[in-house]
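Here, each number is a calculation from the coordinates, and none is a lab measurement. Everything quoted here is computed from the prediction, not taken from an experiment. FYI the Cβ positions are ideal-geometry reconstructions off the backbone, even for glycines, and counts take in every protein chain you see.
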Amino acid sequence: MKNIVILISGRGSNMEAMVKACAAEGWPARIAAVISNRPDAAGLQFAAAQGVATAVVDHKAFPDRESFDAELARVIDGFMPDLVVLAGFMRILTPAFTRHYEGRMLNVHPSLLPAFPGLHTHERAIEAGCRFAGATVHFVTAELDHGPMVAQAVVPVLDGDDAAALAARVLKLEHRMYPAAVRWFVSGQLAVEGARVRQLAGESQSFS
Ligand code: GAR
């Protein structure tokens, strides 16, 4: 049984999709803990109600990123993770932290990387006149919103879309794509070959 530790900052709908998929699909893994940097993250309640261990490491209690990340890693490692999953975890991570979890930490980013790393991705895609937008699951490296890409999901940008409408369309696909990507990892079905990640069982890494 592999241990998955999920980090959230808010709503936690991707985490919720994963907790449900893990149970429904019988992954060779368990959600060992859900950890938030915000004490009021709504997702903590869902996790606790499912019997999943929860913890809070409040970034506001630390003087700098280094000390926050060190404590966060200490708490994560207490759950013996095989995989750390960033699911709407809105913190920039230090190189020491990303190095510690290299090859065993995934993130979902709401854009078709390498376009639009950083914040406000949907606004930026609309402003740029993009006809397609989406989300990317990738291995986390020291560079923000970079790293080998495990899967991508694409949706159309419709005339009249605002950021909220586009975000909702993308999020629906995140809820299919991200649990699949995590299942692949815990099933040993991913091979990282430079920037390219291969799904060894032949499942599609493109979602639409
Ligand atoms: C998701 O759309 C995710 O792609 C995004 O935050 C949302 C979290 O929703 N992540 C980032 O912007 C990371 N930089 P959720 O809390 O309901 O899963």
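Once amide H atoms are built 1.01 Å from N in the peptide plane, which residues 5 or more positions from Ala29, or in another chain, come under 5 Å H to H? For Ala29, the qualifying residues are Lys2. Shown here is the pair-distance distribution of the range 1-127: with all Cα-Cα distances grouped in 10 Å bins from zero up to the longest one, the shares run 12, 43, 34, 10, 0 percent.
Each label point was placed 7 Å from the Cα along the Cα-to-Cβ direction; for Ala53 and Gln189 their separation is 2.8 nm. Compactness of the range 68-165, taken as the C-alpha radius of gyration over 2.2 N^0.38 Å, stands at 1.21.
Model label points for Glu143 and Met1, set 7 angstrom from Cα along the Cα-to-Cβ axis, are 3.9 nm apart.
The region of the chain that goes longest without hitting one of the GluC sites (Glu not before Pro) in a DSSP loop, each with at most 15 other Cβ atoms within 10 Å, is 1-101. For the range 113-123, backbone phi angles converted through the Karplus equation (6.51, -1.76, 1.60; θ = phi - 60°) give residue-by-residue couplings of 4, x, 6, 6, x, x, 9, 6, 5, 5, 4 Hz, Gly and Pro being listed as x.
Taking θ as phi - 60° and the Karplus parameters 6.51, -1.76 and 1.60, the scalar couplings of the range 137-154 work out to 9, 9, 5, 8, 10, 5, 7, 4, 6, 10, x, x, 8, 8, 7, 9, 10, 10 Hz in sequence order, x denoting glycine and proline. Taking amide hydrogens as placed 1.01 Å from N in the peptide plane, the amide H of Val150 sits under 5 Å from those of Val137, His138, Phe139, each at least 5 positions away in sequence or on another chain. With a cut-off of 11 Å on the backbone N, the residues of the range 152-169 near the modelled label site 7 Å out from Ser204 along Cα-Cβ are 154. Couplings 3J(HN,Hα) for the range 62-67, derived from phi with the Karplus relation 6.51 cos²θ - 1.76 cosθ + 1.60 (θ = phi - 60°), are 10, x, 8, 4, 4, 6 Hz, where x marks Gly and Pro.
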